[in-house]
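Here is the structure we will look at, set down as structure tokens.
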Amino acid sequence: MTRIVSPRLAAYAGLAAVGLLAGLALGRVELIALAAPFALAAVAAAAPARDPQIEATLVLDRERALESEDVHATLELLSPRGSDRVEILLPLPSELRTTADNPRAVALAPGVPRTIELPIRCERWGAFAVGPLLLRARDRLGFHSWEARLGGRAPLRVYPSVETLHALLPPLDTQVFVGNQVSRAKGEGIEFADVREWRPGDRMRRINWRASARRGELWVNEQHPERNTDVVLFLDTFIDVGSGGRGTLDLTVRAATSLAHRYLQRKDRVGLVSFGGFLSWLLPASGALQLYRIVDSLLQMDIVLSFAAKGVDVLPPRTLPPKALVLALTPLLDPRSAAALLDLRARGFDLVVIEVSPVPFVHPGKDELAQLSYRVWRLSRESLRARYEQAGVPVVEWLDGVPLNVPLEEVAAFRRYARPARA
Amino acid sequence: MPAFAGLVVGIGLVGALLLAVVLVRNTDEFLPWALVCLGVAYTVSLFVHGSAVDTGAPLVAAGMLLCGELAAWSLDARHAIAAEREVVLRRALALAALTLAGLGAAAAVIAFAASSFGGGLGWTVLGAVAAVAVVGLAAQLVRRTA
């Protein structure tokens, strides 16, 4: 521990010296008497200064939590020599908050461990390292103090809360594995699709007896098979616009978590592409493990400033499987991501753009020029949206505070009436 | 005499003002100077009242030490650290003990001065050596805390 001596100690010694010298010089014993308590305090404070040798451990009751949940931190302190006053501060990032006293001052008895419980409220998602503890032990009158960082770091992952989604966007094409999505193709399944004439090899249970009796020959039912789909969440992480803890990146991560959770529940394969200054991806896969992979990857997502020109060519081919639905979550602010999405559409991907609107976080200035700039900026965004729509890409604006169901429903409505033309 | 009274009050007010600055601005740089001002005001008043030994000096000394310690405690409390009752109690008891010990030391000095056996060159030399030792201690402490 680092020892710090209070400047008060030197000041008292100085006052005592001045008093003694003045008393001797002026021949007044009262000045000696005036100096005596300060000399006594300086000598008494200098004598028993011993390092309390505090040991501390910091343990969290779990490493993973959801937003708005409480995690309990247990601090255990032990000092073989004891300490009259130990000030403890557990530094917490702004996303975590404690309702208990932090910092606090406690007394430690010699050799007796002291346990302190500290409830931590997880207010926002993120990957954090809680600790180390900042400790400052003082002697009884505060003449000496010892400071140290103890207790190590305890990892804590706070997952974003998942929004309930009533309906998901069905991809235009399904994959070959069994899932919950009714395929447009005909085959073995539950959903009735059509009737056709019997062919050798058809199973008897598929015969539609009513249709056969009406037409005088055997007709069989056809069904739509239930298949899984591939969904790639394409996150634009070039720029974050926000204020007061909320922002486009925050909304993007929340939406991606909800979508990944819901699609994986349907046995679909979900992949992730973080397209920004730092490029990262997860190949499409299904299952609970993939959900953890995706959420862990989302927690570490951050804005990395980069001027490098990037296109979709930099992505490994398997990241974007054929017939996959590419769900892009973007604030439509960086031309690189805007161009990459148009490139994806040109390559035939089933693309949907959910525009995480930065508009609520941008305030037009008060002067005329600033307001004009704001209007031009809004118009340029409209123009970009029009370019996507011309390419047959549904673009919906998602505003902060609006449930994610709303833009998804808008996309579904768009796709009901405007489907991409096929060659 | 009224002129000296004004001087004493003036120096005392400067000391009080410095103390107020220390407490309001949470800076401990002026704390020794506030105590020095109070000490100077007391010294001036001693000379105004004549050559008789002031038997109230131990109380003034203990009061000044208490003033300094309470100001330092206030400065320590500026960080809004929630302290346990035991922690506060321990410091209060230590402060009371220090003040009483200081009062005792100052009273002992006055008592020694009033006693008959304290005359001669030897005592003067002893006093000078003690003063030099305290100055040396102060210099060493200043060097360590700097």
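The values are calculated or read from the model by the stated rules, or taken from the named source; none is laboratory data. Source: prediction; values computed, not measured. Methodologically, a virtual Cβ is constructed for each residue, glycine included, from the backbone with ideal geometry; neighbour enumeration extends over all protein chains shown.
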One residue from B:Leu89, B:Leu98, B:Leu59 being crowded, with 17+ Cβ neighbours inside 10 Å, among the aliphatic types (A, V, I, L, M) and part of a helix (DSSP H, G or I): B:Leu98
Failed item, numbered, when A:Ala386 is tested on (1) surrounded by fewer than 17 Cβ atoms within 10 Å (Cβ to Cβ); (2) part of a helix (DSSP H, G or I); (3) at pLDDT below 90: (3)
Sort through A:Leu291, A:Leu283 and tell me the only one that's touching a residue at least 12 places away in the same chain (Cβ under 8 Å) and part of a helix (DSSP H, G or I). A:Leu291
Restricting to the range A:167-201, name every residue that is closer than 24 Å to A:Ala412 by Cα and in a strand (DSSP E or B). A:Val178, A:Gly179, A:Asn180, A:Gln181, A:Val182, A:Glu191, A:Phe192, A:Ala193
For the range A:1-13, which residues satisfy the criterion of being surrounded by fewer than 22 Cβ atoms within 10 Å (Cβ to Cβ) and more than 7 Å from chain B (Cβ to nearest Cβ)? A:Met1, A:Thr2, A:Arg3, A:Ile4, A:Ser6
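Matching residues to (1) surrounded by fewer than 24 Cβ atoms within 10 Å (Cβ to Cβ); (2) facing chain B (nearest Cβ under 7 Å); (3) touching a residue at least 60 places away in the same chain (Cβ under 8 Å):
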{"residue": "A:Leu15", "(1), (2), (3)": "no, yes, no"}
{"residue": "A:Leu24", "(1), (2), (3)": "yes, yes, no"}
{"residue": "A:Val29", "(1), (2), (3)": "yes, yes, no"}
{"residue": "A:Leu34", "(1), (2), (3)": "no, yes, no"}
{"residue": "A:Pro37", "(1), (2), (3)": "no, yes, no"}
{"residue": "A:Val43", "(1), (2), (3)": "yes, no, no"}
{"residue": "A:Arg50", "(1), (2), (3)": "yes, no, no"}
{"residue": "A:Glu55", "(1), (2), (3)": "yes, no, yes"}
{"residue": "A:Leu60", "(1), (2), (3)": "yes, no, yes"}
What number of residues within the range A:122-132 satisfy the criterion of being farther than 15 Å from A:Ala154 by Cα and in a strand (DSSP E or B)? 0
For the range B:46-58, pairs from a residue that is more than 10 Å from chain A (Cβ to nearest Cβ) to a residue that is of a type outside the set (D, E, K, R), with Cβ under 9 Å and 6 or more apart or across chains, are B:Val48/B:Met1; B:Val48/B:Phe4; B:Val48/B:Ala5; B:Val48/B:Leu7; B:Val48/B:Val8
Criterion (closer than 30 Å to A:Val253 by Cβ and touching a Gly at 6+ places or on another chain (Cβ under 7 Å)) met by exactly one of A:Leu58, A:Leu66, A:Leu34: A:Leu58
Which residues, counting only those in the range A:133-154, are surrounded by fewer than 20 Cβ atoms within 10 Å (Cβ to Cβ) and not in a strand (DSSP E or B)? A:Gly152, A:Arg153
